[in-house]
Amino acid sequence: MLSRLVLRAAPAALRALPPPVAVGVLHTTRPLHTTQQSLAPVPPLPEKGGEVRHGLIPEEFFQFLYPKTGVTGPYMLGTGLLLYLLSKEIYVINHETAAAACILTVIVYGIKKFGPGVAAFADKLNEEKIASALAMKNEAIQTLQTAIEDEKKEQWRAEGNNYLFDAKRNNIAMLLETNYRERLLMVYNEVKKRLDYQVAMQNLKRQKEQDHMIQWVEKNVVQSITPQQQKESIAKCILDLKALSKSAHAAV
């Protein structure tokens, strides 16, 4: 029952916390959720850690207590908690405490002494990784842009292929039409030659018939003329010639 009340009151408490603390608490309590609400979007994690005091205590802890306890509240809370632990002997000071203090001093000294150099080295490595990642990203973007430009060019070429295909279709249609016209002309010439041959044959036949008819008529006429008729016709011709000569002399 108490766990359900805590889970119900958690959203209101998270809204009251600063963003970095709220994100940490939300990611810590995420495994406790078993409903579909656990799939809700969460604020992104900050790229850099928040400010801390005394090298350990987050600044958000002080900001959370300031409205309720004032500026000295966090320090009084820590001091009171330490005195409570010591007075109730919950924590007993012994040789381990001195060893822990020495170890803590060495750790603090190491952090103060070597911390900036290690941080600079880590930042340098991080910057190199980021630069490498950005270079890879830019190279991938450039490659994709080049691929996009090539694809656009290929699409433009594909659109131009339609005009090319239309021109080829027109050329093929013209070739077919030219071939058809040539065949028509060839058929016309062949038919004309045959008709001219028939006409020539008919003219030749007619001419031969006329020549044969003329020869036959002449032959029959010559055969039908008797010697007496020849003499009479010759005499008639002589008389006609004499009459023509007299008329010519008279005219002169």
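The values are calculated or read from the model by the stated rules, or taken from the named source; none is laboratory data. All values derive from a computational prediction rather than experimental measurement. Here the Cβ is made from the backbone with ideal geometry for all residues, glycine too, and neighbour counts use every protein chain on show. When the accessible area is computed, the model is the full protein with side chains, heavy atoms only, and any ligands, DNA or RNA have been set aside. Shrake-Rupley method; radii C 1.70, N 1.55, O 1.52, S 1.80 Å.
Within the range 132-148, which residues are polar (S, T, N, Q) and open to solvent by 70 Å² or more (accessible area, probe 1.4 Å)?
Answer for the range 132-148, where residues must be polar (S, T, N, Q) and open to solvent by 70 Å² or more (accessible area, probe 1.4 Å): N138, Q142, T143, Q145.
Look through K112, K129, K68, K88 and report the one residue that is under 19 Å from K48 (Cα atoms), open to solvent by 100 Å² or more (accessible area, probe 1.4 Å) and among the basic types (K, R).
Every option except K129 fails the conditions.
Residues in the range 87-94: is at least one part of a helix (DSSP H, G or I) and either in contact (Cβ under 8 Å) with a residue 24 or more places away in the chain or not hydroxyl-bearing (S, T, Y) (or both)?
Checked the range 87-94: no residue is part of a helix (DSSP H, G or I) and either in contact (Cβ under 8 Å) with a residue 24 or more places away in the chain or not hydroxyl-bearing (S, T, Y) (or both).
Check whether at least one residue in the range 31-48 is open to solvent by 80 Å² or more (accessible area, probe 1.4 Å), at pLDDT 70 or above and closer than 26 Å to L104 by Cβ, and report yes or no.
Yes; the residues of the range 31-48 include at least one that is open to solvent by 80 Å² or more (accessible area, probe 1.4 Å), at pLDDT 70 or above and closer than 26 Å to L104 by Cβ.
Which one is most open to solvent (accessible area, probe 1.4 Å) among residues in the range 193-246 that are among the hydroxyl-bearing types (S, T, Y) and in a helix (DSSP H, G or I)?
Y197
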